[in-house]
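Inspection log for the structure reproduced underneath, given as structure tokens.
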Amino acid sequence: MMSELVSIIVPCYNHAQFLDEALQSVLNQTYNNWECIIVNDGSPDNTKEVASRWCKNDNRFLYLEKQNGGLSSARNAGITISKGKYILPLDADDILHESYLSKLVPELNQDKTLAIVSCYSKFFLKNKENIIHELKPVGTTYHALLFENCLIATSLYRKVCWEEVGGYDENMKHGFEDWEFWIAITKSGWTFKVVEAFLFFYRKQKQSMLIDTLQNHRISNMEYVFKKHKDLYLKHHDNTIDYLLYLLKENEKTTSKIKNKSTYKIVKILEKPLNLFKK
């Protein structure tokens with residue numbers, strides 16, 4: 001079987017402290033036919049110095065520097081200059097299992113209907129031995145992606161798919177860009193596969209882009225995706241309505257629990273004299 005070139009794209013913004021560990025996991029791959037493009041997305045830390053060391057030690061590491069434009073912009077910039085048939089995005093603070101490529105590349109080689117191959121993941125704190133959560137996604141078509149993103153961003157896919165959909169949507173600067181990207185690819189008939197093995201380690205941090213997205217941008221991002229792919233959601237109108245009603249009910253439950261807490265009631269009591277004073 002032909003050994004296809006894989007382009008690993010590593011955007012980096014303020015994650016220089018983790019970059020060595022991420023790039024070491026690339027170097028440790030048992031599959032050797034890869035290039036790794038480190039994209040410095042206008043990072044104010046020492047990303048350039050760290051990346052330069054890796055580029056000097058192994059010519060498979062390449063460095064690209066650009067003005068800050070966000071994650072989608074950084075990935076697109078790296079993929080634009082890539083030479084691989086397959087693309088693997090890797091955030092600068094995450095880690096690959098050494099067998100990641102050797103187990104996933106053959107899946108794309110063998111099945112021409114596959115656009116994306118993913119795997120099971122482990123979420124860790126500080127070091128990858130400290131596992132706090134495990135993710136085992138399921139599904140093969142866009143139906144599994146409609147309302148929740150079951151695929152990790154670090155999934156292997158064909159570069160031709162990136163070309164077909166016009167890359168990552170650079171308007172999505174507050175997360176969920178990978179979810180929209182997977183929907184854009186699979187809605188045209190491409191399928192995905194999940195290899196049932198833990199081959200990816202996701203670093204969980206107290207403050208991260210994902211946490212900020214979930215706390216502050218989840219609804220606006222969902223609205224953007226729903227409207228962009230309106231044809232798809234209209235096609236599945238009943239399921240879409242059911243899902244939105246489910247979210248409303250869950251929000252009502254959460255709000256009710258908060259209001260029933262004694263601290264909330266005390267605050268409301270204390271607010272009354274203050275409101276009277278303001279009047």
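Any read-out appearing in this document is the output of simple, stated calculations on the displayed coordinates, not a laboratory observation. Nothing here was measured: the structure is a model prediction, and the numbers come from that model. Here Cβ is always computed from backbone atoms with ideal geometry, including for glycine, and neighbour counts include all displayed protein chains.
I'd like the Karplus ³J(HN,Hα) series for segment 184-194: coefficients 6.51, -1.76, 1.60, θ = phi - 60°, whole numbers in Hz, and an x wherever there's a Gly or Pro.
Working through the residues one at a time gives 4, 6, 6, 5, 8, x, 5, 10, 10, 9, 10 Hz.
Add +1 for every Lys or Arg and -1 for every Asp or Glu among the other residues with Cβ under 11 Å from the Cβ of residue 130, and state the total.
On the way: positive: 122, 126, 128, 203, 204; negative: 129.
My count for the surroundings of residue 130 gives +4.
What does DSSP give for the chain in terms of the percent of beta bridges that are antiparallel, rounded to the nearest 5?
Details: 10 of 37 bridges.
Close to 25 percent.
From the phi of every residue in segment 64-72, what ³J(HN,Hα) in whole Hz does the Karplus formula 6.51 cos²θ - 1.76 cosθ + 1.60 yield, where θ is phi - 60° and glycine or proline is x?
With coefficients 6.51, -1.76 and 1.60, one gets 10, 10, 8, 5, 4, x, x, 4, 4 Hz.
Report, as a whole number in µm² per second, the diffusion coefficient that Stokes-Einstein gives for segment 73-214 at 25 °C and 0.890 mPa s using the Kirkwood radius over alpha carbon pairs.
D, rounded to a whole number, is 157 µm²/s.
Which label marks the calculated value of semi-axes √(5λ) of the Cα gyration tensor in Å, given the options [x] 26, 23, 20; [y] 37, 25, 18; [z] 45, 27, 14?
[y]
Name the residues whose placed amide hydrogens come within less than 5 Å of the amide hydrogen of residue 8, ignoring near sequence neighbours (fewer than 5 apart) on the same chain.
Amide H neighbours of residue 8: 35, 36, 37, 88.
For residue 200, list long-range residues whose amide hydrogen, built 1.01 Å from N in the peptide plane, is under 5 Å from its own amide hydrogen.
It is 97, 122, by chain and number.
With springs connecting C-alpha atoms under 10 Å apart, model the chain as a Gaussian network and identify which of 52, 121, 73 has the largest mean-square fluctuation.
52
At 222 nm, what value in deg cm²/dmol follows for the chain if DSSP H runs of at least 4 each add -39500 (n - 2.57) and the sum is divided by all its residues, to the nearest 500?
On the way: 11 runs with 127 residues, N = 279.
After summing the helix terms and dividing by residue count, I get -14000 deg cm²/dmol.
Distance from the Cα centre of segment 176-200 to that of segment 97-137, in angstrom?
Comparing the Cα centres of segment 176-200 and segment 97-137, I get a distance of 12 Å.
For each pair in 112/230; 187/249; 136/228; 83/230; 230/257, compute the distance between the two Cα atoms and list the pairs where it is over 31 Å.
Numbers: 112/230 28 Å; 187/249 29 Å; 136/228 28 Å; 83/230 34 Å; 230/257 34 Å.
Flagged as over cut-off: 83/230; 230/257.
By average Cβ neighbour count within 10 Å, what is the ranking of 77-90, 106-119 from highest down? Show your work: numbers first, answer last.
Details: 77-90: 19.6, 106-119: 17.7.
In decreasing order of mean packing, 77-90, 106-119 become 77-90, 106-119.
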